[in-house]
Amino acid sequence: MKPEDMDELKSLIEFLKENSIGEFALERADLKVSLKFASALPPAAASVDMGQLAQILAAQQHAHHSAPVAAPAPVAVAAAAPAASAGPDDESALHTVKSPIVGTFYESSSPGSPAFVKVGDLVESGQVLCIVEAMKLMNEIESDLAGEVVKRIVTNGQPVEYGQPLFLLRPR
């Protein structure tokens, strides 16, 4: 393991401990890490700010750009996602727009441009909601139904996995 990988691993372990994450797995082309802490909280009790975790990983990756690293790999965390602000009964009537590919989420076409959509916007079927960049290709993610944007689940610049929820829509 290279010294820069050790620095990244130390930062990652600190983040996991601060957020009481019991289990973590990361896999890249040149690195595979799996951690399990003995004094972990039950998965339902742990909560993770995936945006913050993604920023730590991205910062470490960019700080060590001399090391050959593939595009951001999916990150698996065995912790419950933070509960949404609306109750579970309200969310059951909402439609989830999921990422069709692995890549990086962007809310607008370029830095400084306004977001394609924001919470409260009414969208039509086929309207662009965001972009997911994969292997330097910008893939427009379109709404598959007409409705109101209730929640954006991911943050700008965050790595996303296939099938990961991006938005919650209230159908019209």
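The values are calculated or read from the model by the stated rules, or taken from the named source; none is laboratory data. These numbers were taken from a predicted model, which means no experiment stands behind them. Neighbour counts are summed over all protein chains in view; Cβ atoms, including those assigned to glycine, are modelled from backbone coordinates with ideal geometry.
The table for this structure:
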quantity: Which listed residue is surrounded by 15 or more Cβ atoms within 10 Å (Cβ to Cβ), within 18 Å of the chain's Cα centre (by Cα) and closer than 14 Å to Q158 by Cα, from V97, V117, V132; calculated: V132
quantity: G103 vs. criteria of a type outside the set (A, V, I, L, M) and either modelled with pLDDT of 95 or more or surrounded by 14 or more Cβ atoms within 10 Å (Cβ to Cβ) (or both); calculated: yes
